Structure formats: C-alpha cells, structure tokens
1. At 7 Å along Cα-to-Cβ for each site, give me the label-to-label distance between LYS171 and ASN140 in nm.
2. Run the dipole for the range 2-228 about the Cα centre, Lys and Arg Cβ at +1, Asp and Glu Cβ at -1, nothing else charged, and hand back the magnitude in debye, nearest 20.
3. Please enumerate, by chain and number, the aspartates and glutamates with C-alpha under 19 Å from the C-alpha of LYS118, excluding those fewer than 8 residues away in the same chain.
4. Quick one: the Cα spread of the range 157-233 along its three principal axes, in angstroms, biggest first?
5. Taking Cα atoms of the range 38-98, Rg/Rh with Kirkwood Rh, to two decimals?
6. In a shell of Cβ-Cβ distance under 15 Å around GLN134, excluding GLN134 itself, what net charge do Lys and Arg (+1) and Asp and Glu (-1) give?
7. GLU197 versus GLN37, label points 7 Å from Cα toward the beta carbon: distance in nm?
8. Around TYR208, with a cut-off of 10 angstrom between Cβ atoms, what is the net charge of the other residues, counting Lys and Arg +1 and Asp and Glu -1?
Amino acid sequence: MIKKVEKKTLGTAYHPSLQSLFHLYKKNHPESAMRFQPIRTINDDILHPGYGHHFHPHKEIEIFTFILEGELTYTLKGKGGHCLRRGDMSYLTSGSGIEHSEFNWADVPLRMIQVWMKPREKKLTPNIQYATYQETRHVNQWFLIASAGGEGPIHIQQSIQIWMLKQESKKQTQFSLEQNEQAYLVQLEGESTVNGETLLTCDGLEVYGEKIRVVTETNALLMMIVMPAYERL
C-alpha cells in the first residue's frame, strides 16, 4: 500500500528569516505521525542569508541534517565550526545534553532537510558525525547514507535506514520493502512517478511493505526513510 502526501497538506511555519515545511507533523497528519515513530518530524527548511540560531541546548533527541542548497555553518559549543554545502550531512546525538548553533553566513538562501527522531535509549553520550553524499558517483541507484547497522557513512541511534536516490530524467529504479517494513519517501527535487502516483518537489509518500518503482519525469533527488512496520500496542 502507498499513500501520497501532497505539499499543500504539510505543516508550515513562515518567518522573515526562515520558512519551513513539516512532514509527519502530528497536527496535520496525526495517524501518519503515530505510525512513523520514532520520527518526530522531517523539516524542509529555507534559511535566509545572515540568519540562524545562536547556541541553544538539545537533550534526548537525534537530528540528521542534509544540505540541498547554500551553506550552513554548524558549530558545537566548545568546538570549531563546520561549513556544510550540498550533499554534506551531519548527525547529532544530543544524549544527556549538548549545545550547538546553525547559521547561514552565505549570500544565498540555504535549503536543508532535518530528520528529528527519538534515540534508542536515554542518556547516550553526546556526539556529532559528518559525512558527504557524492551524488555524481551514485546516479540512478539507491544509496544508503545512514543506518543503525554500521552500513553507510552515518551511524544512527535508531532502527531506521536513510536512503538517497539521484536519478536522471526518464530513468527508473526499484526498491523492495519487506512485509514487515514501511518507508516515508520525500521528493526533494524534480518530478517522479512512484507506483502510478505523481510526486512533485516537496511531496511525500508513505509506503507499506511493497516494491516501489520510481520513474523520473525530470532530473530528480529523493530521500527515503525505511523502518520496521508500526505495531499498535
């Protein structure tokens, strides 16, 4: 089973410095938010030049960040900053407590995706990981960028996988889920048809235990989060 989530139904926040879309936002899609625990939300953010967030604390939350456009200066308190550009990723384990800042010091808007999720357990040791998705090396194939099992460049403190697909126009790929798996797919760029559903930029798709066939109408970039199927207690 698949279920399309159109951009116009997503949660939103609009400020002079920041515009955000929220996938799996509890207020807009409560049933989906429940099914896709441990994810709290998937933010699609545009941060304008000269703006950001000063040092602020986090605790007992995991934050995966992927840069799509522009530059993000990412700094942990007490450590040097990192300048993240397209394809760069960071993964923050806040654990027992950590402070960081995020700023766009470039001259162009920054677009980034952030996946916020609950940790597998509390009081983990705070940690930060950095890696880069080199999309030109993985064209027209799914590439695992983060997992809990030691595969991919980022190690996640949860039972999920994050896959990326950079696909050229008029190409197609497949991805098979097991019956006991589910996935949330985000059309980050371009236009695709997935099992007959047309996805435009920022649309989402819920997938439950089946094979998907992605046919791109334009050059496209997609992200898919795979996890065990939800079981209602």
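1. 0.6
2. Computed about the Cα centre, the dipole is about 400 debye.
3. Cross-link targets: GLU31, ASP44, GLU60, GLU62, GLU99, GLU181, GLU231.
4. Here the spans come out as 41, 25, 17 Å, largest first.
5. With Rh from the inverse mean 1/r over Cα pairs, Rg/Rh is 0.94.
6. Details: positive: ARG85, ARG86, ARG137, LYS166; negative: ASP88, GLU135.
Cβ neighbours under 15 Å give a net charge of +2.
7. Result for the modelled spin labels: 2.3 nm.
8. On the way: positive: LYS3, ARG35; negative: GLU181, GLU206, GLU210.
Here the count lands on -1.
The numbers here are math on the coordinates, done by the rules we state, and not lab data. Just so you know, these numbers come straight off a predicted model, no measurement behind them. So basically every Cβ, Gly included, is an ideal-geometry build from the backbone, and we count neighbours across all protein chains shown.
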